[in-house]
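The values are calculated or read from the model by the stated rules, or taken from the named source; none is laboratory data. None of the values given here were measured: they were computed from a predicted structure. Quick reminder, even Gly has a Cβ in these numbers, built from the backbone with ideal geometry, and neighbours come from all protein chains shown. Surface areas here come from the heavy atoms of the whole protein model, side chains and all, with no ligands, DNA or RNA. Shrake-Rupley method; radii C 1.70, N 1.55, O 1.52, S 1.80 Å.
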Amino acid sequence: MSIFVDLLTSDSFRKNNQLIRAALTTFCLTLLVVGQMAGQASSLPAAPSTGAPSVLGGGFGAPPLGTPNPTGSATMPPARLDQTDVTPQRSEEQRQAQAKLAPQPVTTQTLSEFQQVVAGSTGRVLPIFGAGLFNATPSTFAPVDNIPVTPNYAIGPGDELRLQIWGQVNQHGSFIVDRTGSIDLPEVGTVHVAGLQFSQLSDFLKSQIARVYRNFDLNVNLGQLRSIQIFVVGQAKQPGSYTIGSLSTLLNALFASGGPLPQGSLRDIQVRRGAETVTHFDLYDLLLHGDKTKDVRLEPGDVIFIPDVGPQVAALGSVTTPAIYELRGEKSFNQVIALAGGLTNVAAGSRARVERIYNHAQRSELDVDLTTSDSAPVQDGDIISVGSILDRFQNAVTLRGNVANPGRYEWREGMRISDLIPSREMLITRNYYLRHDLQGQTNADYGANPSEGSLGINTGAVADAAVDRGIVGANGGGNAVGATLTANNSTFSATTDVILSAPDIDWDYAVIERQSATDLTTSLLPFNLAKAVLDKDPSQDLALKSGDIVTIFSEADIRVPSAQQTKFVKLEGEFAASGVYSVRPGETLRQLLLRAGGLTPDAFLYASEFTRESVRRVERQRIIEYADALEGEITARSASLASSALTDRDAAAAQESGAQARATLARLRQAQPTGRIVFQLKPDAQDITAIPDLPLEDGDRFVVPKKPVNVSVQGQVYYANAFVYQQGKRVKDYLHLAGGPDRNADRNREFILRADGSVVSHQYSSFGQRALFADHDFDDIALLPGDTIVVPPTVEKGSVLRNLTNIATIIEGFGLGAAAVEVLK
């Protein structure tokens, strides 16, 4: 090994090719590292674990960056590094050998004891101000090529000089300053340059070359700079020795070593050079003022010492930067608030609450007036909390609900409701105009399928349905936005459907919410909106107080009496004047039909369909309840099958059966009932006097078709289809036309879905239907126009899956209502 060292340091070798020198240098350094590792592996001291990313870059032949040197590495020859390299010289093998001995690194999540006390007292974890600067290594500290060198930079061993000469002689080359501080210039000889400042280098070299040549000029620059070794000790996250670039400063080394521990000071970071302390660096100067004038350039052998943290206080609440701050000369609370960026614009006055540790024995509370200078001085461990102002408005009243512009308004002495709502136009919501304007758009504006339903705002029963679906909340000032008046059965185009653009106002009831200044209880003061706003009735036009909340309701927010509701009813089909009608107070279905001109001669009342939104909601709820009951049965049955499975195949089959049952159950939950009310009219009914004279609700829909000419056969038959109605033909006749029931049919559970919505089942036809059909059995029942024969599949008793699947199929395929579902149970 000594042979190679002698070869590297010989004068003859320094004149040889630079590439050969670099290769041999790398080889010798590798042998040195391996030799040291073998001799020191058993005696290496504990060092921080490695693996931190390179902060300031690595040079040619340099070990990975961000790792402290092991003991003894200072004797290693300096590696060739970039000018900003920070390279702890420790090999991967050494790091692995020390892994078990190395203490765990302190993470950014580790809390100091004071942080834990603050968190326990305030309920929030405050960061240590400035510590987050070292949480992640910024990419801006990567090495930068060809950065300028200051004129006072001192040349030393390891620096690369790039020299170019022209004139009487033309030469150029790169020269490395050797350990003696010299370079060898061709034809000139050895020139000692160590200790020269960069600004002096050009004149000095010119004077040396002038001893040999005349009439020339030269340019000198620095290439690769030397590396230096420094030490980071004290309360550092990764203490140790570091090999860094010769242009590195204190801040560069701090970032490379991970900065101080939570127990380390950020305000008195020292650089010691021999027996002298070069600087006391306060990181707060950089963080708060951008001042880094005390960030000195490091020299070989410098020691960066991070002492223990000084006195600390916590500042939180309405301050700009809540955190834990280290004190360095700050005595007053205002100085601490200034460190935290001052008070925010919502800070409550100038008082602060202080939690103080008294004589290291007990804790106490202290109120501090920040406007005076005679308050007690701040102490180590103080927790300073600055409150924020209350959200109370001094002179304001709030208007909300069914109004155009909800919000806060200025309150004045003697102000009344009519002053807050001076005109009825203030009660028209913005949604009204929005949806009113949408109704004037073209078909393309509504999408490709206008039958999906139009945008609209509903009132009464339909609005109640919107509330049930979570679309609008009471007193929320919103509008019940949901389905159209015809729910899911609209046959009208979205551009021609007649709907309310907004729910009508509840003119009979509005309310003032007021808090008592005496006992802080809240009371409601109802008033008649129409009398207050329209009539200016003094008994209803109540005086307002500051802080009052005035809420205006619509018929969608609170269900008003039926006589006061705005009701739209749709008449479709065989009417003299089909359309959407506004129902008059107390008007019944018969009265509305008379006002609409009655029926046409082609009307078939027996097959009429009357649907109501409130009934649809009840039916929907029953389906959900039925599905919930089935879900419990499926769960119990699946558990029973799984426990009784003898083989893996049985277990897999039970699991698959349960999965299929739940998938079918999900389809059942999505089934939408029609909300149809069966009138039980006689087949020959022709006059509106046969129609029940029932009161109307908002959203009712009455459809009277022409007389159908077909009878349908559906289910487990060979040819499910619709057949031409022939008077007198019976169930067996139409089943014959459909090919008869197939092998999977359940003949005992056949039923007829009449055109009027009623159901006649096979199992009850011999009892409940005997009075109507005499001694005829189910096959002999005569069919009427529009009737449907349903032949269900055979359902195995006790098979939850089959039963559920068939029920869901019938509901989805035939569109039956809740009445048919009850029959199938």
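What are the residues in the stretch 344-359 that are part of a strand (DSSP E or B), within 30 Å of F393 (Cβ to Cβ) and open to solvent by 30 Å² or more (accessible area, probe 1.4 Å), if any?
If the condition is that a residue be part of a strand (DSSP E or B), within 30 Å of F393 (Cβ to Cβ) and open to solvent by 30 Å² or more (accessible area, probe 1.4 Å), then R351, R353 are the ones that fit.
Out of the stretch 173-194, which residues are at positive phi and open to solvent by 60 Å² or more (accessible area, probe 1.4 Å)?
If the condition is that a residue be at positive phi and open to solvent by 60 Å² or more (accessible area, probe 1.4 Å), then E187 is the only one that fits.
So which pairs qualify, if the first residue must be in the stretch 403-426 and free of Cβ contacts under 8 Å to residues at least 60 places away in the same chain, the second must be surrounded by 13 or more Cβ atoms within 10 Å (Cβ to Cβ) and basic (K, R), the Cβ gap must be under 7 Å, and the two must be at least 6 apart or on different chains?
So the pair list comes out as A404/R430.
Within the set of pairs 6+ apart or on separate chains, which have a first residue in the stretch 322-340 that is of a type in the set (G, A, S), a second that is part of a loop (DSSP other than H, G, I, E, B) and open to solvent by less than 50 Å² (accessible area, probe 1.4 Å), and C-beta atoms under 6 Å apart?
A323/L126; A323/F129
I'd like the full set of residues that are open to solvent by 60 Å² or more (accessible area, probe 1.4 Å) and either part of a strand (DSSP E or B) or without any contact (Cβ under 8 Å) to a residue 40 or more places away in the chain (or both), limited to the stretch 707-732.
Taking the stretch 707-732 as the starting set, the residues that turn out to be open to solvent by 60 Å² or more (accessible area, probe 1.4 Å) are 707, 709, 718-719, 724, 726-727, 730, 732.
The answer is Y718, Y719, V724, Q726, Q727, R730.
Can you pull out the residues in the stretch 307-316 that are among the aliphatic types (A, V, I, L, M) and either farther than 20 Å from Q238 by Cα or more than 41 Å from the chain's Cα centre (by Cα) (or both)?
Filtering the stretch 307-316 for residues among the aliphatic types (A, V, I, L, M) gives 309, 313-316.
Across the stretch 307-316, the qualifying residues are V313, A314, A315, L316.
Can you work out which of the residues in the stretch 522-538 that are in a strand (DSSP E or B) and open to solvent by 20 Å² or more (accessible area, probe 1.4 Å) is nearest to D508 (Cα to Cα)? Steps first, answer last, please.
Step one: of the stretch 522-538, the residues in a strand (DSSP E or B) are 522-527.
Applying the additional criterion that residues be open to solvent by 20 Å² or more (accessible area, probe 1.4 Å) yields 522-526.
Details: T522: 22, S523: 19, L524: 15, L525: 13, P526: 10 Å.
For the stretch 522-538, the residue satisfying everything is P526.
Is at least one residue of the stretch 402-418 open to solvent by less than 40 Å² (accessible area, probe 1.4 Å), over 30 Å from T344 (Cβ atoms), among the β-branched types (V, I, T) and touching an Asp or Glu at 6+ places or on another chain (Cβ under 7 Å)?
yes
Being of a type outside the set (A, V, I, L, M) and in contact with a Lys or Arg (Cβ under 9 Å, 6 or more places away or on another chain) is true for just one of D295, D291, D268. Which residue is that?
Details: D295 fails: in contact with a Lys or Arg (Cβ under 9 Å, 6 or more places away or on another chain); D291 fails: in contact with a Lys or Arg (Cβ under 9 Å, 6 or more places away or on another chain).
None of the other options fit; the residue is D268.
For the stretch 255-343, which strands (runs of 3 or more DSSP E) that fit wholly inside it have 3 or more residues that are buried (at least 18 other Cβ atoms within 10 Å of the Cβ) and touching a Leu at 6+ places or on another chain (Cβ under 8 Å)? Lay out the reasoning, then the answer.
On the way: elements: 269-273, 276-281, 303-306, 312-317, 323-326.
So the answer is 312-317, 323-326.
Kindly provide the set of residues from the stretch 240-254 that are farther than 29 Å from Q116 by Cα, open to solvent by less than 10 Å² (accessible area, probe 1.4 Å) and in a helix (DSSP H, G or I), ordered by number.
Listed by number, the residues that qualify are L250, A253.
Restricting attention to the stretch 554-564, and to residues there that are crowded, with 19+ Cβ neighbours inside 10 Å and not in a strand (DSSP E or B), which single residue is farthest from the chain's Cα centre (by Cα)? So that I can check it myself, show each step before the final result.
Let us first name the residues in the stretch 554-564 that are crowded, with 19+ Cβ neighbours inside 10 Å, namely 554-557, 560.
When the remaining residues are screened for being not in a strand (DSSP E or B), the result is 555-557, 560.
Values: E555: 35, A556: 32, D557: 31, V560: 40 Å.
Ranking the qualifying residues of the stretch 554-564, first place goes to V560.
For residues in the stretch 697-706 being at pLDDT below 90 and in contact with a Phe, Trp or Tyr (Cβ under 9 Å, 6 or more places away or on another chain), which is surrounded by the most Cβ atoms within 10 Å (Cβ to Cβ)?
Residues of the stretch 697-706 that are at pLDDT below 90, as a first pass: 697-699.
Narrowing further to those that are in contact with a Phe, Trp or Tyr (Cβ under 9 Å, 6 or more places away or on another chain): 698-699.
Values: D698: 25, G699: 28.
The extreme case among them is G699.
Out of curiosity, is S373 over 26 Å from L542 (Cβ atoms), part of a loop (DSSP other than H, G, I, E, B) and open to solvent by 40 Å² or more (accessible area, probe 1.4 Å)? Before the answer, list the steps.
On the way: over 26 Å from L542 (Cβ atoms): yes; part of a loop (DSSP other than H, G, I, E, B): yes; open to solvent by 40 Å² or more (accessible area, probe 1.4 Å): yes.
Yes, satisfied.
Please give the number of the condition E609 fails out of (1) open to solvent by 50 Å² or more (accessible area, probe 1.4 Å); (2) within 30 Å of A396 (Cα to Cα).
Evaluating E609 over (1) open to solvent by 50 Å² or more (accessible area, probe 1.4 Å); (2) within 30 Å of A396 (Cα to Cα) leaves (2) as the failure.
Before we move on, is K237 basic (K, R) and surrounded by 20 or more Cβ atoms within 10 Å (Cβ to Cβ)?
On the way: basic (K, R): yes; surrounded by 20 or more Cβ atoms within 10 Å (Cβ to Cβ): yes.
Yes, satisfied.
Within the stretch 678-693, work out how many residues are open to solvent by less than 30 Å² (accessible area, probe 1.4 Å) and over 17 Å from A755 (Cβ atoms).
1
Scan S582, S578, S643 and give me the residue that is of a type in the set (S, T, N, Q), open to solvent by 40 Å² or more (accessible area, probe 1.4 Å) and over 22 Å from G675 (Cβ atoms). Quick ask: steps written out before the conclusion?
Working: S582 fails: over 22 Å from G675 (Cβ atoms); S578 fails: over 22 Å from G675 (Cβ atoms).
Of the residues listed, the single one that is of a type in the set (S, T, N, Q), open to solvent by 40 Å² or more (accessible area, probe 1.4 Å) and over 22 Å from G675 (Cβ atoms) is S643.
Check whether at least one residue in the stretch 423-435 is assigned to a helix (DSSP H, G or I), charged (D, E, K, R), farther than 21 Å from D506 by Cβ and open to solvent by 80 Å² or more (accessible area, probe 1.4 Å), and report yes or no.
no
Identify, please: which residue in the stretch 155-172 is among the aliphatic types (A, V, I, L, M) and under 17 Å from L225 (Cβ atoms) and is, among those, surrounded by the fewest Cβ atoms within 10 Å (Cβ to Cβ)?
L163
List the number of the failed condition for V760; all other conditions in (1) of a type outside the set (F, W, Y); (2) over 19 Å from L681 (Cβ atoms); (3) part of a strand (DSSP E or B) hold.
Going through (1) of a type outside the set (F, W, Y); (2) over 19 Å from L681 (Cβ atoms); (3) part of a strand (DSSP E or B) one by one, V760 breaks only (2).
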